[in-house]
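Report on the structure given below.
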Amino acid sequence: MALVLQLLLLLLLRVQGDPGASLDGRPGDRVNFSCVGVSHPIRWAWAPSFPACKGLSKGRRPILWASSSGTPTVSPIQPFAGRLRALDPGIRWLELLLSAGDSGTFFCRGRHEEESRTVLHVLGDRADCKAPDHGSVYPQLLIPLLGAGLVLGLGALGVVWWWRRRSPPQPPRPLPRFALSPPYRATSESRLPAASKGGGA
């Protein structure tokens, strides 16, 4: 009877995997994942719990495949590049160096579509993590720059006003004088004819 129950349990794990497996860790820890109930694992996938923290969309994404050469293939563009490695050629065991945002479900898929899953929770990951908004970077930079420019402008105006108050008032400039020539001035030559006439009389 016990043998029958063990066989039934093994068959159930092959079909449904191990939905109850879970791991907890902190950034910097190393955790191991195992492919439970899968006879011939062919690939691993990951569905992030908080995809916005990694700037990703929802859903599964492959992270590692089995290879006929015996060297597992790790996706170079997945978030675990450089931190994930297979501990055996059959990719039944994986080791991951944890980082913030790694929380999610890891799926081990078999050749006959059987599946095992492990839920990972990284301490510190939260659901309210927001993806970086590139459109909001410019206002965040522009507002401090405008504030600094306003402060500098007001400071310059204050210095000018203070300098003018300290400097003595300058005397008013005299009005320009325009030389007005008289309408007519008699010359010695113009008086000669009159003098000569007087002498003749």
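Since every read-out is calculated from the coordinates, none of them should be taken as a lab result. Not measured: the values here are computed from a predicted model. In this analysis, Cβ positions are derived from the backbone assuming ideal geometry, glycine residues included, and neighbour counts consider all displayed protein chains.
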Problem set entry | Separation of the residue 39 and residue 67 label points, Cα + 7 Å toward Cβ, nm | 2.6 nm
For this session: Would you mind getting me the FRET efficiency between residue 57 and residue 145? Use the beta-carbon distance for r and R0 = 45 Å, nearest 0.05.
Result: 0.85
Exercise. Could you give the length gained on full extension between residue 24 and residue 152, defined as 0.36 nm per residue of separation minus the Cα-Cα distance, in nm?
Worked result: 40.9 nm
Problem set entry | Other-chain or far-sequence residues with amide H under 5 Å of residue 67's (modelled H) | 73
For this session: Just need log10 I(q)/I(0) for the range 17-123 at q = 0.16, 0.17, 0.19 Å⁻¹, Debye formula, equal scatterers on the alpha-carbon atoms, no solvent, rounded to two decimals.
Result: -0.64, -0.73, -0.92
Problem set entry | Cut-off 20 Å (backbone N to label point 7 Å along Cα→Cβ of residue 32), residues of the range 97-130 | 97-99, 106-109, 116-122
Problem set entry | Residue-wise HN-Hα coupling along the range 110-116, computed from phi with Karplus coefficients 6.51, -1.76, 1.60 (Hz; x: Gly, Pro) | x, 5, 9, 6, 6, 9, 10
